[in-house]
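Reviewing the structure listed below.
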Amino acid sequence: MNKRTQILKQLASENHEDRMNSKAGTKGPINQPIPLQSALNTAAHDLAQHNVLFNDLLAEQINAAADQLKLKAQCLQMWLGNFPKAPIVSKLALLRLIQKYELDPFLEELDLVQYEDQSWQAVITTQGYARLINACPQFKGVMYSYSESSADAISDWIECAIYRSDRDSPITVREYYAEAKRDSVAWQKMPRRMLRNRAFQQCAKMALGI
């Protein structure tokens, strides 16, 4: 093969490659290497910074909540240590409830609860709502009503009515056993009490605007 033929073949090959790159929408080689390690390093760095910020915020909120309860921060940190799988956002929500309502988790007025779908939530317990509603100057009393129908001696529903001096009518909430029941040990052992507590909690939440 003479030199002229070699040059023509080389030019044809280059033109073919240019056309293929143009169709693919690229100007360079089609299969460019992806800087995977660089992307992983960047993601790891961002995650580390994110965790540092959340941990700093958690420590700040622990100190503020401990001051509110007149406790040592280490005591509150120890209580939160009982929930190693709870996300930081749920712990932060509980700490904010402490600061807003002065509720004490050591007195079982607050709790961190994990649900069947593995989600977590900071909740005010029955004891917590009882303290809040009794501290309300307008609180005038609470009444319960029970359904006439039942299954296994468990009322189909319980209705809670909370009376306030600044309201013409009571705040009323009805909770149905079929909707409220859970598979927890407490619901299996004390379904009637748990349904009554659920009705009271939901009614107190509305009566207090929480």
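The values are calculated or read from the model by the stated rules, or taken from the named source; none is laboratory data. Worth saying up front: this structure is predicted, and the values here are computed from it rather than measured. We place every Cβ from the backbone using ideal geometry, glycine too, and count neighbours over all the protein chains shown.
Residue by residue, here is whether (1) of a type in the set (S, T, N, Q); (2) closer than 12 Å to Ala207 by Cβ holds:
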site	(1), (2)
Ile124	no, no
Ala135	no, no
Phe139	no, yes
Val142	no, yes
Ser145	yes, no
Ser150	yes, no
Arg167	no, yes
>> Name the residue that is farthest from Cys136 (Cα to Cα), counting only residues in segment 59-68 that are aliphatic (A, V, I, L, M) and surrounded by 18 or more Cβ atoms within 10 Å (Cβ to Cβ).
In response: Ile62
> Can Ile62 be described as in contact with a Pro (Cβ under 9 Å, 6 or more places away or on another chain) and either at pLDDT 95 or above or closer than 26 Å to Leu132 by Cα (or both)?
Replying inline: no
>> Just to be sure before I move on: is Arg167 surrounded by fewer than 16 Cβ atoms within 10 Å (Cβ to Cβ) and closer than 30 Å to Gln114 by Cβ in the structure I sent?
In response: no
>> Tell me whether segment 105-114 contains one or more residues that are in the same structural domain as Cys75 (by TED's automatic domain parsing), in contact with a strand residue (DSSP E or B) (Cβ under 9 Å, 6 or more places away or on another chain) and either over 30 Å from Met78 (Cβ atoms) or in a helix (DSSP H, G or I) (or both).
In response: yes
>> I'm trying to understand the selection: among the residues of segment 101-115, which are surrounded by fewer than 19 Cβ atoms within 10 Å (Cβ to Cβ) and within 13 Å of the chain's Cα centre (by Cα)?
In response: Asp111, Val113, Gln114, Tyr115
> Just one of Trp120, Trp187, Trp157 is within 28 Å of Asn63 (Cα to Cα), in contact with a helix residue (DSSP H, G or I) (Cβ under 7 Å, 6 or more places away or on another chain) and surrounded by 15 or more Cβ atoms within 10 Å (Cβ to Cβ); which is it?
Replying inline: Trp120
> Which one of these is out of contact with any strand residue (DSSP E or B) (no Cβ under 7 Å at 6 or more places or on another chain) and assigned by TED's automatic domain parsing to the domain that holds Leu208: Tyr129, Tyr146?
Replying inline: Tyr129
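Would you mention how many residues in segment 80-100 are more than 20 Å from Ser119 (Cβ to Cβ) and crowded, with 18+ Cβ neighbours inside 10 Å?
Residues flagged as more than 20 Å from Ser119 (Cβ to Cβ) and crowded, with 18+ Cβ neighbours inside 10 Å within segment 80-100 amount to 1.
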> Based on what the data block shows, is Leu76 part of a loop (DSSP other than H, G, I, E, B) and farther than 21 Å from Val185 by Cβ?
Replying inline: no
>> Please verify whether Leu94 is within 13 Å of the chain's Cα centre (by Cα), assigned to a helix (DSSP H, G or I) and among the hydrophobic types (A, V, I, L, M, F, W, C), treating the condition exactly as stated.
In response: yes
